[in-house]
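Shown next, in structure tokens, is the structure this report addresses.
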Amino acid sequence: MIEGMTALYIFMLAAVAGYEIIGRVPVILHTPLMSGSNFVHGIVLVGAMVALGQASGPLEQVVGFIGVALAAGNAVGGYVVTERMLEMFKSSKGSK
Amino acid sequence: MHNIIQISYFIAAFLFILGLKRMSSPVTARNGIVWAGIGMLVATLITFFEPGMQNYLLMTTAIFVGGVAAFWSGKKVAMTDMPQMIALYNGMGGGAAGAIAAVELLKGEFHSQTFLTLAVLGALIGSVSFSGSLVAFAKLQGLLRRPMRFPGQLLFNTAVFLVAIALGAMLIIQGEFTGGIILMFFAAALAYGMFMALPIGGADMPVVISLFNALTGLAVAFEGFVLNNAAMIIAGTVVGSAGTLLTQLMAKAMNRSLGNVLFSSFGSSDAAGADSVQGSMKPIDAVDAGVMMAFAERVIIIPGYGMAVAQAQHKVHELMELLLARGVDVKFAIHPVAGRMPGHMNVLLAEANVPYDRLYDLDEINPAFPQTDVALVIGANDVVNPSARTNPDSPIYGMPILNADQAKNVIVIKRGQGKGFSGVENALFYGDNTRMLYGDGQAMIGELIEAVKDL
């Protein structure tokens, strides 16, 4: 179990990491990066699966089902869209 | 098995951070998303092996339904419609965080008051992000045309927010979860997200979407604490902080503050003066401008007399060589009155070894602007002022101009914010696709060269 201070430390270090990663990103990458981080929080899928997996009773199951479906949409959609956007960087670089 | 699961989450968290890091540079961006994708796959697959899980059929069906719908829509959407799709997928993530919290609240088995508080906070933030993102999506998709504003809106929104907080506090303090209060809590949180996004104008939406993106990350992190899932905590927190910074950067690139974007819309009117120029000048720094040009396919450079004054033509030539070496198609657009006499500019450029076949005159180059990624204006002003084409009241109306405003992006290198030779306000500088690079021509081109070299 991640408790108390340990949780705070993880939270603090992850926050610093996120801030540092973005540091000096050029404007043309703002939208792809927003899209990429949008994909990363698609990890909520893992939590939604656990919630549904431990759900009992129809109400919990319905809410859990909605959660998993939404989370899967976040992860898959986020990936597809980001990949398509970043694809453009390859084409403009490779054409000699 | 427990250890394998924990290690898998650890690897996933690491791959997310690595992926995001690589996505923040144009050179490595493409495989950044692949790394993050592998992380997601690992985390998702291993979750099927979590102990004590049921409802596998429901789970796979839900993943299939959500995944296929998102895959299909994500592949189909046009590049111009990307922002609203990000809003939509982000909203789904926020909704999922809310749903996790709802299931946990319905079960009502919390280890401590702290976990309960985090669950409620995550639910609040996730729900706000969910409904707010959906409104943002609807606006950009053209389903909601006008910003919705009414008197006392700020007060009303604050009231809705306070109601949501109060209901959340009731859940935490009472520790007794009757369906009614849970339902009212979610309803209030969803309503607040909606009312928060409704008054914001379409142009500011990317900033707002980025803010909701950060909020979803935070909600995911909070629910991660509740579920004791390290991958969720780390990925969510990283996105929360990176997203916050990104939101600030985007607001800055638009020359707005975040508070301005969120609250200034109250009470502003859309009156358009006959000869006033709309919008604001948006600055850019040399690094961003350099990267933008290095990754463009077609660049048109528009030199004006200001370039010659700054003695920047040799530097411009160097920049052209660098861009050509990267496979960028570089052309020069020469306005008939560029320089001090016809042909002056051609000479100046030829002197700097710019090949003649790269120089195009007005009639040759104008049809090419709409297919141009970046138009770089150096020391030219009136010759690129679209008012000459569009505004019959302008003193320079009817003058033939270079249609730089039709390029996808325009970068203007300029000493300050003053007006042109004719004293006419230049509508190009206020365009949505225009960024101002303030400074001496020679020094700025030098910085652009450094920026391109550094890639």
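Of B:261, B:287, B:291, all but one fail to be open to solvent by less than 20 Å² (accessible area, probe 1.4 Å), closer than 30 Å to residue A:17 by Cα and modelled with pLDDT of 80 or more; the exception is B:291.
Is it the case that residue A:25 is facing chain B (nearest Cβ under 7 Å), surrounded by fewer than 24 Cβ atoms within 10 Å (Cβ to Cβ) and on the phi < 0 side of the Ramachandran plot? In short, yes.
Pick from the range A:32-65 the residues that are out of contact with any helix residue (DSSP H, G or I) (no Cβ under 7 Å at 6 or more places or on another chain) and assigned to a helix (DSSP H, G or I): which of them is nearest to residue B:222 (Cα to Cα)? Result: A:62. Residue-level analysis places residue A:29 among those that are part of a helix (DSSP H, G or I), out of contact with any Ser or Thr (no Cβ under 6 Å at 6 or more places or on another chain) and at pLDDT below 95. Counting residues in the range B:24-35 that are over 30 Å from residue B:294 (Cα atoms), aliphatic (A, V, I, L, M), buried (at least 16 other Cβ atoms within 10 Å of the Cβ) and within 7 Å of chain A (Cβ to nearest Cβ) gives zero. Counting the residues of the range A:2-22 that are at the interface with chain B (Cβ under 7 Å from one of its Cβ atoms) and in a loop (DSSP other than H, G, I, E, B) gives 1.
Can you tell me which residue in the range B:357-389 is farthest from the chain's Cα centre (by Cα), limited to those that are at pLDDT 85 or above and hydroxyl-bearing (Ser, Thr, Tyr)? Applying the filter and picking the extreme gives B:360.
Restricting B:159, B:164 to those that are over 30 Å from residue B:81 (Cβ atoms), surrounded by 23 or more Cβ atoms within 10 Å (Cβ to Cβ) and free of Cβ contacts under 8 Å to residues at least 60 places away in the same chain reduces the list to B:164. Within the range B:71-111, the residues that satisfy the criterion of being facing another protein chain (nearest Cβ under 8 Å), more than 23 Å from residue A:34 (Cα to Cα), free of Cβ contacts under 8 Å to residues at least 24 places away in the same chain and open to solvent by 30 Å² or more (accessible area, probe 1.4 Å) are B:107, B:111.
Would you confirm whether any residue within the range B:409-421 is in the same structural domain as residue B:432 (by TED's automatic domain parsing), closer than 28 Å to residue B:328 by Cα and assigned to a helix (DSSP H, G or I)? Checked the range B:409-421: no residue is in the same structural domain as residue B:432 (by TED's automatic domain parsing), closer than 28 Å to residue B:328 by Cα and assigned to a helix (DSSP H, G or I). Taking the criterion of being touching a helix residue (DSSP H, G or I) at 6+ places or on another chain (Cβ under 6 Å) and closer than 19 Å to residue A:44 by Cβ, would at least one residue in the range B:139-147 satisfy it? So far as the range B:139-147 goes, no, none of its residues is touching a helix residue (DSSP H, G or I) at 6+ places or on another chain (Cβ under 6 Å) and closer than 19 Å to residue A:44 by Cβ. Evaluation of residue B:40 against the conditions (1) within 7 Å of chain A (Cβ to nearest Cβ); (2) closer than 28 Å to residue A:56 by Cβ; (3) open to solvent by 20 Å² or more (accessible area, probe 1.4 Å) shows that the sole unmet condition is (3). If you go through the range A:28-73 and keep only what is of a type in the set (Gly, Ala, Ser), facing chain B (nearest Cβ under 7 Å) and farther than 30 Å from residue B:26 by Cα, you end up with A:47, A:48, A:51, A:53, A:55, A:64, A:67, A:69.
The values are calculated or read from the model by the stated rules, or taken from the named source; none is laboratory data. This is a predicted model, so every value here is computed, not measured. Positions of Cβ are generated from backbone atoms using ideal geometry, with glycine treated the same way; all protein chains shown enter the neighbour counts. To get the accessible areas, we keep the full protein, side chains included, count just its heavy atoms, and leave off ligands, DNA and RNA. Shrake-Rupley method; radii C 1.70, N 1.55, O 1.52, S 1.80 Å.
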